[in-house]
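Report on the following structure.
The values are calculated or read from the model by the stated rules, or taken from the named source; none is laboratory data. Since we're looking at a predicted model, the values are computed, not measured. We place every Cβ from the backbone using ideal geometry, glycine too, and count neighbours over all the protein chains shown. Please note that ligands, DNA and RNA were not included when accessible areas were found on the heavy atoms of the full protein model with its side chains. Shrake-Rupley method; radii C 1.70, N 1.55, O 1.52, S 1.80 Å.
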Amino acid sequence: MKKFSLLALFSLAAAFSFNAQAADRVGDFFLIDDEGKGHQLSKYAFNKAVVIVSQQNGCTDNQQNIARYKQLRTNFDHRGVSFVMLNASDEDSREDIIAEEAVWNYDLPIMDDDSQLVAESLGIEKAGQVVVVDPERMSVLYRGPMPAQWARAPLGEVLEAILADGADSRDMETVNVDMETAEGCAVEFPARDAHLADVPDYETEVAPILIERCTGCHVEGGIGPFAMNSHMMIQGWSPMIKEVIMTNRMPPMQVDPAVKTWVNSGNFPIEERQTLIHWINAGSPRN
């Protein structure tokens, strides 16, 4: 595996403020973009990397870097790198995202992270951040700004290291580069912050969601692979519960509400998804 040389690190450190740490892990996820197309991280495993650009309507950093996004894609998409954007604003609807694309022509799929849960898992804190993910290892290898000259910046170094002959991302670390918050680029996470301050209560907040959305199948003798009949059972299965929710595999019969609304659809309301995932992230406590 090609790692950063000491000379490269010293030269980069002179121009950028960054640190490297053991690679962050991210779970699989599924999101729908501004054209109604689905994107699942694991489905990109045929590529070496996925570059995810955090986007928010009105973010000057996004708008000023459009040409750089397109140039980066031109230089790397034929080498096994995919490029997408991710909007995690709690104020931008799908219609707002479509309108923004019509004006600015980012020419990249803009995934709608309406629950903000994917942005949280990627460690995104502001629009304009660029996140590089190995979709096979599910590891974050870069998190930082879109530099003016990517070739001599950590972003370019990371991408070249991933694409090097014999590269193995298991030997790579997450490179975090400091970046300022430009006008209109601060992303607020009200649900996350509220649940960090006050973890959802199992009995009064979590269990009612599971009863309403899951126990039609997950009961003794039901078609679900396990029965949600105790906190211990749910806690033990919580990693799998999180995965199937983040990938939209459960509950079944989910349909894109931007296309059509069905009275019997299995769609998970945003607030309930946030409550359940944040509770699992906190360790699925009994309280």
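Worth pointing out:
- One residue stands out in the range 235-248 among those that are touching a residue at least 40 places away in the same chain (Cβ under 8 Å) and within 18 Å of Phe268 (Cα to Cα): the one that is surrounded by the fewest Cβ atoms within 10 Å (Cβ to Cβ), namely Pro239.
- Criterion applied to Glu220, Glu136, Glu183 was being closer than 20 Å to Asn47 by Cα, of a type in the set (D, E, K, R), open to solvent by 50 Å² or more (accessible area, probe 1.4 Å) and part of a loop (DSSP other than H, G, I, E, B), and the one residue passing it is Glu136.
Okay, residues lined up against (1) without any contact (Cβ under 8 Å) to a residue 60 or more places away in the chain; (2) not small (Gly, Ala, Ser):
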| site | (1), (2) |
| --- | --- |
| Asp92 | yes, yes |
| Ile98 | no, yes |
| Ala102 | yes, no |
| Asn105 | yes, yes |
| Leu108 | yes, yes |
| Met111 | no, yes |
| Asp114 | no, yes |
| Leu117 | no, yes |
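- Annotation: Asp107 fulfils all but one of (1) under 19 Å from Met179 (Cβ atoms); (2) at pLDDT 95 or above; (3) open to solvent by 30 Å² or more (accessible area, probe 1.4 Å); (4) in a loop (DSSP other than H, G, I, E, B); the unmet one is (1).
- Count of the range 247-287 residues which are of a type outside the set (Val, Ile, Thr) and more than 22 Å from Glu91 (Cβ to Cβ): 21
Each row is one residue, and each column tells you yes or no for (1) among the acidic types (Asp, Glu); (2) at pLDDT below 95; (3) in contact with a Gly (Cβ under 7 Å, 6 or more places away or on another chain); (4) surrounded by 15 or more Cβ atoms within 10 Å (Cβ to Cβ).
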| position | (1), (2), (3), (4) |
| --- | --- |
| Ala15 | no, yes, no, no |
| Ser42 | no, no, no, no |
| Thr60 | no, no, yes, no |
| Ala67 | no, no, no, no |
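- The range 102-121, subset among the β-branched types (Val, Ile, Thr) and within 19 Å of the chain's Cα centre (by Cα), residue nearest to Asn65 (Cα to Cα): Ile110
- Within the range 257-280, considering residues that are among the aliphatic types (A, V, I, L, M) and in contact with a helix residue (DSSP H, G or I) (Cβ under 8 Å, 6 or more places away or on another chain), the one surrounded by the fewest Cβ atoms within 10 Å (Cβ to Cβ): Ala258
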